[in-house]
Amino acid sequence: MKTTSMNKREILNQKLTAAKMGGGQKRIDAQHSKNKLTARERLDLLLDKNSFEEIGALIKHRSTDFGMEKTHYPGDGVVTGYGTIHGRLVYVFSQDFTVFGGSLSETHAEKICKIMDMAMKNGAPVIGLNDSGGARIQEGVVSLGGYADIFYRNTRASGVIPQLSLVMGPCAGGAVYSPAITDFILMVEDTSYMFVTGPNVVKTVTNEKVSAEDLGGASVHSEKSGVAHLTSSNDLQAIEDIKKLLSYIPQNCEDSAPELPYVIDDEIRNNLCNIVPENPNQPYDIKEVIQGIIDQESFFEIHKDFAPNIVVGFARLAGKSIGVVANQPAYLAGVLDVQSSQKAARFVRFCDCFNIPLLVLEDVPGFLPGTDQEWNAIITNGAKLLYAFSEASVPRITVITRKAYGGAYDVMNSKHIGADMNFAWPSAEIAVMGAKGAAEIIFRNEIKSAKDPDAALANKEREYADIFANPYRAAERGFVDEVIHPEQTRLKLIKAFAMLENKVDSLPQKKHGNIPL
Ligand code: HXC
């Protein structure tokens, strides 16, 4: 009797040990030699100590083609389960590259779907650690079906629970579309890449020669395509970064983000007075304004290297999580263009899904003119940002630090599209366009017929600037609620966000809107 029971224990232990070893020591060593951690090492670092509970460690694939029935690794190339990060529940999957290159089989997909379904029922984020050679080639269409099952769940879960993707190895073919539907993609430099078709197919079809890194490495997707929201230098850093990101966001769409304790003290910030230059055409760094307003060292920037003419990221104000959207005069004068509109719109919608109030810092000379912009649909893309702000029902506050020109004034969370509070600094200029351009158009004939056209233009420019290059016309109409001194900004915002804490604003009943995609 006793012997049998020992055997049963041993059988279980053997199976669990085999599951822990993934594809075996040789492949684990190969993974390490590429400067990558294994699926389990990553989870150990991501989750609170001893919090991980594995689900499906003994799952086996069902494939019988190409001799697959002879090769089984318990767990089938993905470690799934739940645990906590800083005490908060999360569901996780971590693809194991040492088992068939982390490729996705029918059962591998079922494991991921199972934890996604649980996350939806229990209202907690899903964090996916991707490191996979794509569809399990030996399984054919069954694997493709598995992907689609995941994509479907990603879409259903969008806006209900946060979904975070870390890309820590290959992620190619249709496999890219699961991370693409999730809220944030973090890529690890030098060891990860994402593309729909790899270098070989590119060469065959277009005769273009390109390396995997140049086609879809972390820098390409963080700077050029904007597919990646964050990049980290290695696995360890990536895990720290994703934990930090999680600290700003709630568990689900009915929850609010975690708060840090904060006691109101002296909130006047005199250093905010010296940032905007006297000369309205001189650039300055909007990040100095952000740092001057928010809690110390709380800014977590998203999409840092993509469309730097707009800055977006999470921060804390008096301990509470906020989303910041700010024009950046230090890059392309802070103009709105195709990419910056897309970037900001996506961020605004994330914050709105998950009850994170929005702070907008505005210094925008307008939309970028030119054929490149028009041909790349600045109309549709600018409309995305306009739509995203107009639709957002979270508390929304704008501070105009300098320029608020043209259509961009409307778009950047103006009062007219539902902002709750609009402040302006005395340096604000709220007008249809800059004084020079305006004078050239409306006084064209006068200037042309003047004895000294240059002097006449300068006069008219001054006249226009005197009337419009200030915040007072807008304040007189109530388009700006208050003109404030820069040093008061933090205090005003703390009070205004507290006043808006219980805001209720519901959209008209509808199936869903039709954002100009
Ligand atoms: C089955 C795979 C696999 C796959 C890799 N392996 N990819 N097994 N299906 N898709 C196995 C390899 O046979 C090898 O097994 C082990 O994983 C490690 O692979 P290596 O090639 O030795 O590693 P490396 O040199 O690092 O190259 C990694 C790689 C390469 C670039 C990912 O393996 C590769 O190109 N794989 C195929 C990628 C691909 O074409 N996938 C299908 C994409 S289409 P052993 O036993 O030697 O350790 C797709 C469609 C999805 O995904 C559509 C969804 C809608």
Across (1) in contact with a Phe, Trp or Tyr (Cβ under 7 Å, 6 or more places away or on another chain); (2) without any contact (Cβ under 8 Å) to a residue 40 or more places away in the chain, Glu223 clears everything bar (2)
Among helices (runs of 4 or more DSSP H) completely within the range 405-470, the ones holding 2 or more residues that are in contact (Cβ under 8 Å) with a residue 12 or more places away in the chain and either farther than 30 Å from Lys384 by Cα or of a type in the set (D, E, K, R) (or both) are 435-442, 444-449, 453-468
Scanning the range 183-221 for residues that are open to solvent by less than 10 Å² (accessible area, probe 1.4 Å) and among the hydroxyl-bearing types (Ser, Thr, Tyr) gives Ser192
If we keep only residues of the range 339-379 that are open to solvent by less than 50 Å² (accessible area, probe 1.4 Å) and of a type in the set (Ser, Thr, Tyr), then the residue nearest to Gln328 (Cα to Cα) is Ser340
Expected output for the range 273-285 (first residue in contact (Cβ under 8 Å) with a residue 12 or more places away in the chain, partner among the acidic types (Asp, Glu), Cβ below 7 Å, 6+ apart or cross-chain) is Cys273/Glu487; Ile275/Glu288; Pro280/Glu429
Yes or no: the range 146-153 includes at least one residue that is within 15 Å of the ligand (Cβ to nearest atom), surrounded by 18 or more Cβ atoms within 10 Å (Cβ to Cβ), assigned to a loop (DSSP other than H, G, I, E, B) and of a type in the set (Lys, Arg). no
In this structure, is Asn381 closer than 28 Å to Lys244 by Cβ and within 19 Å of the chain's Cα centre (by Cα)?
no
The residue from Glu501, Glu446, Glu487 that alone is closer than 24 Å to Asp266 by Cα and either loosely packed, with under 13 Cβ neighbours inside 10 Å or at pLDDT below 95 (or both) is Glu501
Condition (residue is surrounded by 13 or more Cβ atoms within 10 Å (Cβ to Cβ) and of a type in the set (Asp, Glu)) applied to the range 474-483: is it met by at least one residue? yes
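Would you say Gly123 is closer than 19 Å to Ser51 by Cβ and under 25 Å from the mean Cα position of the chain (by Cα)?
Working: closer than 19 Å to Ser51 by Cβ: yes; under 25 Å from the mean Cα position of the chain (by Cα): yes.
Yes, satisfied.
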Reported set for the range 296-330 where residues are without any contact (Cβ under 8 Å) to a residue 40 or more places away in the chain and open to solvent by 20 Å² or more (accessible area, probe 1.4 Å) is Gln296, Glu297, Phe299, Glu301, Pro308
Those residues of the range 10-48 which are open to solvent by less than 40 Å² (accessible area, probe 1.4 Å), closer than 24 Å to Leu89 by Cα and not aliphatic (A, V, I, L, M) amount to Thr38, Arg42
Among strands (runs of 3 or more DSSP E) entirely inside the range 58-142, those with 1 or more residues being surrounded by fewer than 24 Cβ atoms within 10 Å (Cβ to Cβ), among the hydrophobic types (A, V, I, L, M, F, W, C) and away from the ligand (no atom under 14 Å from the Cβ) are 78-85, 88-95
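The values are calculated or read from the model by the stated rules, or taken from the named source; none is laboratory data. These numbers come from a predicted model, not from an experiment. Cβ: placed from backbone, ideal geometry, glycine included. Neighbour counts: every protein chain shown. Surface areas here come from the heavy atoms of the whole protein model, side chains and all, with no ligands, DNA or RNA. Shrake-Rupley method; radii C 1.70, N 1.55, O 1.52, S 1.80 Å.
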